[in-house]
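Note sheet for the following structure.
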Amino acid sequence: MIVLGFDTSNYTTSAAWFDGTGGENSGRLLSVKSGELGLRQSDALFQHVKRLPEILEALPMPETPSAVAASTRPRAVEGSYMPCFLAGQSQAQVLAHTLGIPFYEVSHQQGHLAAVLWSAGRMELLEGEFLAWHLSGGTTELLHVTPGLKTEIIGGTRDLSAGQLIDRTGQLLQLDFPAGKALDALAADVTVKPFPVKVQDMYFSLSGMQNQVQDRLAKDTPKEEIAAFSLTSCAYAVKKATQQAKKQYGELPVVFTGGVSSNSQLRKAMIPEGGLFGLPRFSTDNAMGVAVLCFLAENHQWTN
């Protein structure tokens with residue numbers, strides 16, 4: 001049997017099938033005008049609705065799905081809502097009704113975690129305890145995760161997310177949005193000292209980092225050094241908060257997900273600390289984790 005998953009996040013339209021062992025993901029970034037740092041929710045929703053048919057056309061499935069799931073909200077907590085997820089949810093519900101198959105709801109964050117656990121070959125952690133970072137354009141959260149992907153926010157940023165800092169740095173350097181890949185490439189062969197971001201009780205602030213980046217730009221610092229400075233300073237804050245969390249929760253596995261988790265500077269800093277990363281394409285927004293959870297739910301191995 002195969003199942004189908006949809007994820008329509010703020011910046012990526014994606015669908016994936018999964019058969020319990022493997023599968024395929026089809027996804028495409030939403031279009032953002034040059035020089036801008038994002039989309040209004042209404043624009044994101046419109047683009048998702050237009051693109052879902054072509055995303056499915058690019059996803060040949062070996063058989064008709066037996067169940068379908070969609071990410072319907074950012075987090076699995078009461079009140080969590082974002083309109084763009086309605087695109088995938090409505091398509092999945094229509095498909096489920098038409099085919100007479102079950103429909104399952106998951107959160108975007110749960111899908112992210114499942115995608116990394118599957119990609120990294122650590123699915124046993126689904127029913128275990130671990131720490132996790134969700135690092136993206138809208139989220140920089142340190143999570144304590146308990147069996148069944150139940151999450152509690154225990155740390156992270158108090159203002160700018162890591163992804164926002166990266167994209168604002170990219171905008172200052174006249175890079176296209178989202179700027180993560182381009183910034184990572186610029187910083188690849190550069191070594192700089194990170195800014196010592198203050199981390200207290202696993203929380204930190206990144207808003208001052210934007211001023212640091214602007215100061216270096218005003219002093220004509222090479223763009224490669226500015227890129228490395230921004231990325232390594234984010235990694236510094238994440239590393240310090242992780243070390244504090246381990247003192248409180250013990251030597252638990254530390255799972256990294258979200259688009260920023262595909263960054264090579266972060267991986268370089270955190271793999272020696274026991275960081276667990278999936279393949280980069282399953283760290284960014286994708287529907288594979290949604291499909292994985294759909295398969296498990298259909299086989300009574302996971303309950304949301």
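Screening the candidates Leu29, Leu45 for the property of being over 25 Å from Ala297 (Cα atoms), open to solvent by 70 Å² or more (accessible area, probe 1.4 Å), of a type in the set (A, V, I, L, M) and within 20 Å of the chain's Cα centre (by Cα) yields one hit, Leu29. Determine if the stretch 189-205 includes at least one residue that is in contact with a Leu (Cβ under 7 Å, 6 or more places away or on another chain) and either basic (Lys, Arg) or closer than 27 Å to Ser80 by Cα (or both). Looking through the stretch 189-205, at least one residue is in contact with a Leu (Cβ under 7 Å, 6 or more places away or on another chain) and either basic (Lys, Arg) or closer than 27 Å to Ser80 by Cα (or both). Looking across the stretch 94-117 at every residue that is polar (S, T, N, Q) and more than 18 Å from Phe295 (Cβ to Cβ), the one that is surrounded by the most Cβ atoms within 10 Å (Cβ to Cβ) is identified as Gln109.
State whether one or more residues within the stretch 256-263 are more than 20 Å from Ser233 (Cα to Cα) and among the hydrophobic types (A, V, I, L, M, F, W, C). No, the conditions are met nowhere in the stretch 256-263. Residues in the stretch 14-32 that are assigned to a loop (DSSP other than H, G, I, E, B) and closer than 14 Å to Ala69 by Cα: Asp19 only.
Of all the listed residues (Glu36, Glu54), the sole one being open to solvent by 20 Å² or more (accessible area, probe 1.4 Å) and either in contact with a strand residue (DSSP E or B) (Cβ under 7 Å, 6 or more places away or on another chain) or in a loop (DSSP other than H, G, I, E, B) (or both) is Glu36. Residues that are outside any helix (DSSP H, G or I), open to solvent by 20 Å² or more (accessible area, probe 1.4 Å) and aliphatic (A, V, I, L, M) within the stretch 67-90 comprise Ala76, Val77, Met82, listed in sequence order. Restricted to helices (runs of 4 or more DSSP H) entirely inside the stretch 185-304, those with at least 1 residues that are open to solvent by 60 Å² or more (accessible area, probe 1.4 Å) are 207-218, 223-249, 264-270.
The values are calculated or read from the model by the stated rules, or taken from the named source; none is laboratory data. What you are looking at is a predicted structure, and each value in this text was computed from that prediction instead of being measured. Counting neighbours? That spans all protein chains shown, and the Cβs are built from the backbone with ideal geometry, glycine included. The accessibility values were calculated without ligands, DNA or RNA, using every heavy atom of the protein model including side chains. Shrake-Rupley method; radii C 1.70, N 1.55, O 1.52, S 1.80 Å.
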